[in-house]
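Novice: Mind having a look at this structure? Questions to follow.
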Amino acid sequence: MHRRKIIIYSQHLLSAELVAAIIGYANEDIIQCSSIEQTEELCRKIDADLVIILTSSPLLGGRNIIRQLRGSGHRPEIYVISWRHSEQAVLSLLECGIDQYMTFPICMGRLKAKATLSNNNLTRES
Amino acid sequence: MIILYTYIFIILVAILVTVIMTQRTQNSRRITTDKATRRRVFYIRQVVNLLQDESRIPMNIIARTRSERIALCEAIHIVRSHTYGTDSSPLNQTIRDNGLERLLFQRIRYSTGLRRAHWLTLSSCITLGEKSIHKLERLSNSRNHAIRIASVISLIASDPQMAIQRISALRYRLSPLDISRIISLLRRGIIPIAYEPLLQSNNYNLQMLGIAIVRNFGIDIADKRLHDIISSCNDKAIVREAILTLSSLGRPLGRAKIRYRMSNMSISERKSFCRYLATEGYSVQALRTLFSEKEMHYAEALIKSYKRDLVCRQYT
């Protein structure tokens, strides 16, 4: 069975751990990164299936992270979960090319369902 | 000469001992922090598993030592403040079995200042008994701002039905930061989003909370109520908040009442309002009705610097 590779980027270890615990370790290899450079490098190296970014500030800072993450031809899904609720920020992020934007506090069931759905899509494609 | 060498030797030994001791202290501190983090991570996984457990088989988390119970409290706080939409009854059982309420209230009793506020914040994520609620009521009138707001948040979280009464009974004004903490409870679904009675209320805290709800949830249909507040309210802070909320909703600001209220603002207030409108995406044309010719130079420079002129909404 194909084990998905998920990268979670957060500067706060406990938030990343919480999201990892919600998605579950059963069928996934979850790797946590504490810097965006590390996330980009790791994404290229291991061909991650899903990248979860737990902040919106690096994406809104002008750096083209999406291109870096999808640079090698591989197209991982990118989810952003942050505390930012403003419509303008959400629209900007979706225009940047992210696949999902969710806000904290997050519904556990919803996040898990989204992650599972992306897994099913991946299985169907392969 | 020998005495000199002895002194130098003693000084060198003293420096060496200090360096070794400092390193040891730093190492032990790091090990303690790592241990605490590992414990929290362990309990976060356990709490999430407990909340997501679909097997309906009773499962319990056991924390044996005091430090483990503290880590469990912190884990529950992290999980509860970041998530919503789960049945919390299994977690309440864990809280009861591990005596977390008693532990937290012991820590609250023996601590002061920000540390006490920290324990109070943790207590907002557990279900409290009547005795604890009485203690929190007493603390909600504390002279320390951090303590009193943490106890108010805890009181609201423990008894959401009484949230409005508790906020209206406060003898002090809540700051925007305090209100944003209450809004975070709202986002977790703890208290209802009934903004209309709040906007109609005469109480400062309730009105500010109502306006904050409208602003945070982008409730467009509330603009009539906001216009009523702008035209009839005597409190400058509430009027200012109502105007800012209207602008964050992207509503037209050219009405005579708004222009009149703005003319009563101080120069610095008008300048800060101008900055706010520029970041909200208002066009130069829309601002021309609100600001004088002199102020418009500043507004124009701001809008151009924010590169908003390409995408800004036109309100004429």
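Novice: Does the range B:152-171 hold any residues that are touching a helix residue (DSSP H, G or I) at 6+ places or on another chain (Cβ under 6 Å), surrounded by fewer than 22 Cβ atoms within 10 Å (Cβ to Cβ) and more than 20 Å from residue B:127 (Cβ to Cβ), and which are they?
Specialist: Of everything in the range B:152-171, those that are touching a helix residue (DSSP H, G or I) at 6+ places or on another chain (Cβ under 6 Å), surrounded by fewer than 22 Cβ atoms within 10 Å (Cβ to Cβ) and more than 20 Å from residue B:127 (Cβ to Cβ) turn out to be B:168, B:170.
Novice: For the range A:86-97, check the following and say yes or no: at least one residue is away from every other protein chain (no Cβ under 14 Å) and more than 25 Å from residue B:188 (Cβ to Cβ).
Specialist: Taking every residue of the range A:86-97 in turn, at least one turns out to be away from every other protein chain (no Cβ under 14 Å) and more than 25 Å from residue B:188 (Cβ to Cβ).
Novice: What residue, of B:102, B:66, B:38, is out of contact with any Lys or Arg (no Cβ under 9 Å at 6 or more places or on another chain) and either more than 24 Å from residue B:151 (Cα to Cα) or within 11 Å of another protein chain (Cβ to nearest Cβ) (or both)? Before you say what the answer is, go through the steps one by one.
Specialist: Values: B:102 fails: either more than 24 Å from residue B:151 (Cα to Cα) or within 11 Å of another protein chain (Cβ to nearest Cβ) (or both); B:66 fails: either more than 24 Å from residue B:151 (Cα to Cα) or within 11 Å of another protein chain (Cβ to nearest Cβ) (or both).
Answer to the check: B:38.
Novice: For residues that are at pLDDT below 85 and either under 29 Å from residue B:220 (Cα atoms) or not basic (Lys, Arg) (or both), tally how many sit in the range A:70-89.
Specialist: 10
Novice: Among the residues of the range A:66-90, how many are farther than 14 Å from residue A:51 by Cβ and in a helix (DSSP H, G or I)?
Specialist: 4
Novice: Answer yes or no as to whether residue A:59 is outside any strand (DSSP E or B), closer than 27 Å to residue B:216 by Cβ and at pLDDT 85 or above.
Specialist: On the way: outside any strand (DSSP E or B): yes; closer than 27 Å to residue B:216 by Cβ: yes; at pLDDT 85 or above: no.
In short, no.
Novice: Right, something else. List the residue pairs whose Cβ atoms are under 9 Å apart, where the first residue sits in the range B:198-218 and is within 13 Å of chain A (Cβ to nearest Cβ) and surrounded by fewer than 21 Cβ atoms within 10 Å (Cβ to Cβ), the second is in a loop (DSSP other than H, G, I, E, B) and of a type in the set (Val, Ile, Thr), and the two are 6 or more positions apart or on different chains.
Specialist: Listed by first residue and then by second, the contacts come to B:217/B:193.
Novice: Do you know which of the residues in the range A:1-47 that are more than 12 Å from the chain's Cα centre (by Cα), touching a residue at least 40 places away in the same chain (Cβ under 8 Å) and facing another protein chain (nearest Cβ under 10 Å) is surrounded by the most Cβ atoms within 10 Å (Cβ to Cβ)?
Specialist: A:22
Novice: Tell me whether the range B:43-64 contains one or more residues that are surrounded by 11 or more Cβ atoms within 10 Å (Cβ to Cβ) and either at positive phi or among the aromatic types (Phe, Trp, Tyr) (or both). Give the steps one after another, and end with the answer.
Specialist: Taking the range B:43-64 as the starting set, the residues that turn out to be surrounded by 11 or more Cβ atoms within 10 Å (Cβ to Cβ) are B:43-53, B:59-63.
Subset that is either at positive phi or among the aromatic types (Phe, Trp, Tyr) (or both): B:43.
Yes, because at least one residue in the range B:43-64 is surrounded by 11 or more Cβ atoms within 10 Å (Cβ to Cβ) and either at positive phi or among the aromatic types (Phe, Trp, Tyr) (or both).
Novice: Something else: Of all the residues that make up the range B:299-316, how many are at pLDDT 80 or above and within 33 Å of the chain's Cα centre (by Cα)?
Specialist: 1
Novice: Looking only at the range B:41-63, count how many residues are within 11 Å of chain A (Cβ to nearest Cβ) and either of a type in the set (Gly, Ala, Ser) or not in a helix (DSSP H, G or I) (or both).
Specialist: The total comes to 1.
Novice: Do you know which residues across the range B:178-192 are within 14 Å of chain A (Cβ to nearest Cβ) and loosely packed, with under 15 Cβ neighbours inside 10 Å?
Specialist: Within the range B:178-192, B:180, B:189 meet the criteria.
Novice: Only one of (1) more than 30 Å from residue B:183 (Cβ to Cβ); (2) surrounded by 16 or more Cβ atoms within 10 Å (Cβ to Cβ); (3) small (Gly, Ala, Ser) fails for residue A:73. Which number is that?
Specialist: So residue A:73 meets the others, but not (2).
Novice: Determine which single condition residue A:115 fails, assuming it passes every other condition in (1) closer than 17 Å to residue A:23 by Cα; (2) at pLDDT 85 or above; (3) within 14 Å of chain B (Cβ to nearest Cβ).
Specialist: Checking residue A:115 against (1) closer than 17 Å to residue A:23 by Cα; (2) at pLDDT 85 or above; (3) within 14 Å of chain B (Cβ to nearest Cβ), the one that fails is (2).
Novice: Let me ask another. Can you pull out every residue in the range B:65-87 that is surrounded by 17 or more Cβ atoms within 10 Å (Cβ to Cβ) and farther than 24 Å from residue A:32 by Cβ?
Specialist: B:69
Novice: Does any residue of the range B:83-96 turn out to be away from chain A (no Cβ under 14 Å), in a helix (DSSP H, G or I) and in contact with a helix residue (DSSP H, G or I) (Cβ under 8 Å, 6 or more places away or on another chain)?
Specialist: yes
The values are calculated or read from the model by the stated rules, or taken from the named source; none is laboratory data. In this text the structure is predicted, and so the values were computed from the model without any measurement. Cβ: placed from backbone, ideal geometry, glycine included. Neighbour counts: every protein chain shown.
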